[in-house]
Amino acid sequence: MAKNESRRRAIADAGLAVLAREGSRGLTHRAVDVAAGVPTGTTSNYFRSRDALVEGLVERIGERLAPSEEDLARRAAGAPGPDLFADYIRDIVRRLSADRDVTIALFELRLESSRRPEVAAVLGAWQRAGLDGDVAFNADAGLPGGRREIALFHYAIDGLLLDRLTTSIDPETSTDDIIDDLVAGLLR
């Protein structure tokens, strides 16, 4: 594998843009080379196979969607309760909404995982690690809800984002209002 990490990240970012724009079938090494503006063959130097490319994209999605250390510290210092939990959920939705290409690419990979066990293995491991991390953060911060409630929020957030990034069933209702209703309904 090539060692230039900044170039590797730039190529992965280009891959995410290709995936978001063209869908799973459009994700090729050559298409990523073009999108990244690098010589033909560069992507395959960093990601030898399509499976390696997908694994690199999943890793990059995690990097781009991770909360900042400042956000985590601010929430860790907050008073535990439904308001802090709603703030945490709002931040997750904000990050996923703000980086639209990354979230659409993630949805594309999720769809592809239903047809390709190799993608399901990589993506599933990443998703389960994310859920474990959210459960641990929730417990460490003294927030309400356990593993079941956190999983329910994941399901709800996925649906909310799919709605907000595609054709919305209720575009007039604010995302914050929806999150408040979700928190109130799931953390009785």
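Numerical summary
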read-out	value
Mean Cβ neighbour count within 10 Å, used as a protection proxy, ranking 60-67, 31-38 highest first	31-38, 60-67
Percentage relative contact order, segment 1-132, counting C-alpha pairs under 8 Å, at least six apart	28
Chain lengthening between residue 28 and residue 111 when straightened (0.36 nm per residue, less Cα-Cα)	28.2 nm
Pairwise FRET efficiency - residue 10 versus residue 181, Cβ, R0 = 35 Å, nearest 0.05	0.30
The chain - mean residue ellipticity at 222 nm from DSSP helices (-39,500 (n - 2.57) per run, n ≥ 4, rounded to 500)	-24500 deg cm²/dmol
Residue-normalised accessible area of segment 92-174, given per residue in Å² at a 1.4 Å probe	53
Carbon and sulfur %, accessible surface of segment 116-188 computed with the full protein complex present, 1.4 Å	58
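The values are calculated or read from the model by the stated rules, or taken from the named source; none is laboratory data. Bear in mind that the values here come from a model prediction, so they are computed numbers and not experimental data. Because the Cβ atoms are built from the backbone with ideal geometry, glycine has one as well, and the counts that use them run over all protein chains shown. With ligands, DNA and RNA removed, areas are computed over all heavy atoms of the protein, side chains included. Shrake-Rupley method; radii C 1.70, N 1.55, O 1.52, S 1.80 Å.
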